[in-house]
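Reading through the structure tokens given below for one structure.
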Amino acid sequence: MFARVLAPLAVASSFFTCVVPTVSATPTSPFDLFSRTPAAGIDVKSLAPYLSATAKIYLPDTKEFATYTTRWSNLQAPTPSIVIAPGTEKDVQKIVKFANDRNIPFLTYNGHHGTLTTLGKMDYGIEIYLPQLNSISIAKDGKSATIGGGANVKNLTDTPWDAGKQTVTGCCECVSYLGPALGGGHGWFQGHYGLITDQFLSMNIVLANGDFRTIDSKSDLWWGMQGAGHNFGVVTSVTTKVYDIEHYDWAIETIVFSGDKIEQVYEAANKYILQGGKQSADIHDWTYWQNDARYDTEGPVIIIYIVQEGVTTVDAKYTAPFHDIGPLAATPQSGTYKDLAKWTGIALESPPCQDFGFNNPRFPIYIKSYNVTAQRKAWDLYSSAVAEADNPYYNSIFMFEDYASGAVRDRSSDASAFGFRDAHTLAAPLIIYNSTGQAQDEAVKELGTQLREIIREGTGSSELHTYVNYAYGDEGPGAWYGHEDWRQKKLKALKRKYDPKGKFSFYAPIA
Ligand SMILES: Cc1cc2nc3c(=O)[nH]c(=O)nc-3n(C[C@H](O)[C@H](O)[C@H](O)COP(=O)(O)OP(=O)(O)OC[C@H]3O[C@@H](n4cnc5c(N)ncnc54)[C@H](O)[C@@H]3O)c2cc1C
Ligand SMILES: *[C@@H]1O[C@H](CO)[C@@H](O)[C@H](O)[C@H]1NC(C)=O
Ligand SMILES: *[C@@H]1O[C@H](CO)[C@@H](O)[C@H](O)[C@H]1NC(C)=O
Ligand SMILES: *[C@@H]1O[C@H](CO)[C@@H](O)[C@H](O)[C@H]1NC(C)=O
């Protein structure tokens, strides 16, 4: 059956690459998609001739289909029935129009690290697999770069840096550039320049109705794209500011503590790094609570990464207060910006860039400083829940990310759809486990929510502020985008105007 459908294609269109499936007997065929679609006679055959020479269509039962549908987290993952990898920006428009004409759902896949449980509602349809669109071209004046919608963080780290340029990107090399950016986007340069989205000058976007548009700050949609962008279209390319490299040197010190030091560690983080909101643009710290068999501790350890720009050794004014607490180990390293991902365990070859088939939900919350009492309470619950080598959650990480954030606050809170510019730290338990089923998933949700509630109580606010890109999926639009009435109204109005049928509502839907 596959052969009958596909052979004429492969022959008839030399400008179109089609991967003919090798096995055809299983019921998970594209006909599964077609039979659930109201209109008769739908198949990729009618789309193929309109796509560019480098576009690719992958049917189930191909190795590539399996590879390109695999996700970092399996919890309520989307399940597309067909993968189409556009070769050009205009291909994306063709795919969206094709899907719309036939009322077939579609979802953009880029770095495949999105985790919101809302994605699970995509239970059939077309995966638009973007990584072929990974071009990066730096403008002649050296002030901007145009970046393909499928470029990843590694691309954005290496290409500009090698040309003497830098810009704000996410930190994990295998995550896409745009996935983080459309929700605001955190990275090492945000203390200087603001969020990833704050760098954008214009973008090409395919809207829900299939229109292909170039938009910039003159469009009413621009505001929405800067924080709630996943809701409005497929971004096929973006032009962003880039800057001359200021400092070639970067340094890190990795310091490890046992859990009994929790109060001292977070008192020091508040005092010497966060500095009551005056954190310097060149200094960052992350703390990870995780089990580490190298240390003979009861339960997990606290690992702090202190990262500084423009030095070959992290300044003692930042590290000495931590040395004074009595760590288990302290390891300094120095190099360049390109080493940061390796140092912090998020390079292409690091575990977070492999797909183990685990469920990886996070329960994020933005905070302004550490409440040491709450940190202790959270530690006690977390360490008892993940300790012991045979624990199903043994690999989990409770993460606290203090990026420098001065320039994030330089832009006013109403200037974009990103609603949490006043945050200083992003906290999130990440419960990593090989799911045994729904009962365990529920137990994890309860644990993660409980941990987050402890941190929220410590803020003294009843409002939950999350980072949409780390969200679990059940927090809702107020917690994802900001609770203000005007903000929610504005988001809903844009959604009604640009995506009334909810084509882009699988990832943190506004409504
Ligand atoms: C290990 C790890 C490290 C991370 N590091 C950072 C970090 O440093 N900074 C940060 O801010 N966030 C970070 N994140 C969070 C990250 O922003 C989200 O996980 C994001 O969804 C990943 O995007 P993706 O393209 O990799 O995933 P995907 O699952 O492929 O994409 C997520 C969603 O984004 C949308 N999307 C992606 N590309 C486009 C596009 N071109 N046009 C329109 N919609 C699009 C789609 O709705 C898609 O469902 C990290 C996550 C992980 C797991
Ligand atoms: C982007 O990165 C991917 C894999 O990480 C690589 O295959 C591709 O060639 C890179 N593209 C550019 C333009 O650097
Ligand atoms: C997850 O559990 C399944 C079922 O017990 C097992 O087959 C699989 O190997 C496990 N995966 C990993 C990475 O441990
Ligand atoms: C810190 O957290 C504790 C425990 O939740 C709470 O009782 C206390 O009020 C918090 N302190 C501040 C300053 O908010």
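The values are calculated or read from the model by the stated rules, or taken from the named source; none is laboratory data. Predicted, not measured: the structure shown is a model, and the values here were computed from it. Cβ coordinates were reconstructed from backbone atoms using ideal geometry, including for glycine residues, and neighbour counts include every protein chain displayed. For the accessible areas, the whole protein counts, side chains as well, though only heavy atoms, and no ligand, DNA or RNA atoms are used. Shrake-Rupley method; radii C 1.70, N 1.55, O 1.52, S 1.80 Å.
Selection of first residues in region 430-449 that are open to solvent by 30 Å² or more (accessible area, probe 1.4 Å) and of second residues that are assigned to a helix (DSSP H, G or I) and not polar (S, T, N, Q), restricted to Cβ pairs under 7 Å at least 6 apart or on distinct chains, gives the following pairs, ordered by first then second residue: Ser435/Asp441. Answer with yes or no whether Ala423 is of a type in the set (A, V, I, L, M) and open to solvent by 30 Å² or more (accessible area, probe 1.4 Å). No; evaluated as a whole, the condition is false for this residue. Yes or no: region 360-367 includes at least one residue that is more than 16 Å from ligand 3 (Cβ to nearest atom) and open to solvent by 50 Å² or more (accessible area, probe 1.4 Å). No - not one qualifying residue is present in region 360-367.
Considering only residues that are touching a residue at least 12 places away in the same chain (Cβ under 8 Å) and of a type in the set (S, T, N, Q), which ones fall in region 232-288?
Matches in region 232-288: Thr236, Ser237, Thr239, Thr240, Thr254, Ser258, Gln264, Asn270, Gln279, Ser280, Thr287.
Under the condition of being surrounded by 19 or more Cβ atoms within 10 Å (Cβ to Cβ) and of a type in the set (Ser, Thr, Tyr), the residues counted in region 69-91 number 3. Among the residues of region 94-114, those identified as touching a Ser or Thr at 6+ places or on another chain (Cβ under 8 Å) and either β-branched (Val, Ile, Thr) or farther than 23 Å from Val153 by Cα (or both) are Phe98, Arg102, Asn103, Ile104.
Scanning region 134-168 for residues that are open to solvent by less than 20 Å² (accessible area, probe 1.4 Å) and near ligand 1 (Cβ under 8 Å from one of its atoms) turns up Gly149, Gly150, Val153.
Output the residues belonging to region 262-283 that are closer than 17 Å to Phe398 by Cα and either buried (at least 19 other Cβ atoms within 10 Å of the Cβ) or of a type outside the set (D, E, K, R) (or both). It would help to see each step written out before you state the result.
Here is the first cut: in region 262-283, the residues closer than 17 Å to Phe398 by Cα are 262-263, 265-266, 269.
Passing the criteria: Ile262, Val265, Tyr266, Ala269.
Leu348 satisfies every condition listed in (1) within 16 Å of ligand 4 (Cβ to nearest atom); (2) open to solvent by 40 Å² or more (accessible area, probe 1.4 Å); (3) not polar (S, T, N, Q) except (1).
Tell me which residues, restricted to region 313-333, are assigned to a helix (DSSP H, G or I) and either in contact with a helix residue (DSSP H, G or I) (Cβ under 8 Å, 6 or more places away or on another chain) or within 16 Å of ligand 4 (Cβ to nearest atom) (or both).
Across region 313-333, the qualifying residues are Lys317, Tyr318, Pro321, Phe322.
Counting only strands (runs of 3 or more DSSP E) wholly contained in region 42-117, the ones carrying 2 or more residues that are of a type in the set (Val, Ile, Thr) occupy 82-85.
For region 453-511, the set of residues classified as within 16 Å of ligand 4 (Cβ to nearest atom) and either under 17 Å from Asn231 (Cβ atoms) or aliphatic (A, V, I, L, M) (or both) consists of Ile454, Ile455, Leu464, listed by residue number.
Out of the residues in region 108-129 that are crowded, with 19+ Cβ neighbours inside 10 Å and more than 15 Å from the chain's Cα centre (by Cα), which is nearest to Glu442 (Cα to Cα)? Only one residue fits best here, namely Met122.
Conditions (1) touching a Leu at 6+ places or on another chain (Cβ under 8 Å); (2) open to solvent by 80 Å² or more (accessible area, probe 1.4 Å), marked per residue:
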{"position": "Ser461", "(1), (2)": "no, no"}
{"position": "Ala479", "(1), (2)": "yes, no"}
{"position": "Asp485", "(1), (2)": "no, yes"}
{"position": "Leu494", "(1), (2)": "yes, no"}
{"position": "Pro500", "(1), (2)": "no, yes"}
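Contact map, region 88-114: residues that are in contact (Cβ under 8 Å) with a residue 24 or more places away in the chain and β-branched (Val, Ile, Thr) paired with residues that are surrounded by fewer than 20 Cβ atoms within 10 Å (Cβ to Cβ) and in a helix (DSSP H, G or I), Cβ distance under 8 Å, separation 6+ or inter-chain. No pairs are found. Looking only at residues in region 50-67 that are in contact with an Asp or Glu (Cβ under 9 Å, 6 or more places away or on another chain) and open to solvent by 60 Å² or more (accessible area, probe 1.4 Å), the one that is nearest to Phe358 (Cα to Cα) is Thr54. Given the conditions (1) out of contact with any strand residue (DSSP E or B) (no Cβ under 7 Å at 6 or more places or on another chain); (2) open to solvent by 20 Å² or more (accessible area, probe 1.4 Å), which single one is not true for Tyr470? Failed condition: (1). Being more than 22 Å from Leu116 (Cα to Cα), surrounded by fewer than 18 Cβ atoms within 10 Å (Cβ to Cβ) and not assigned by TED's automatic domain parsing to the domain that holds Pro78 is true of Glu388.
Scanning region 198-230 for residues that are buried (at least 23 other Cβ atoms within 10 Å of the Cβ) and either of a type in the set (Lys, Arg) or at positive phi (or both) returns a single hit, Gly227. Of the helices (runs of 4 or more DSSP H) lying entirely inside region 334-438, not one is found with 3 or more residues being within 14 Å of ligand 1 (Cβ to nearest atom) and touching a helix residue (DSSP H, G or I) at 6+ places or on another chain (Cβ under 7 Å).
Quickly run through region 269-312 and pick out the residues that are part of a strand (DSSP E or B) and among the hydrophobic types (A, V, I, L, M, F, W, C). Let's see the steps before the verdict.
So in region 269-312, the residues part of a strand (DSSP E or B) come out as 283-290, 301-309.
The answer is Ile283, Trp286, Trp289, Val301, Ile302, Ile303, Ile304, Ile306, Val307.
Here is a check on your reading of the model: is Asp474 more than 16 Å from ligand 2 (Cβ to nearest atom), under 20 Å from Thr115 (Cβ atoms), modelled with pLDDT of 95 or more and not in a helix (DSSP H, G or I)? So Asp474 fits the description; yes. The one condition from (1) of a type in the set (Gly, Ala, Ser); (2) part of a loop (DSSP other than H, G, I, E, B); (3) touching a residue at least 60 places away in the same chain (Cβ under 8 Å) that Gly458 does not meet is (2).
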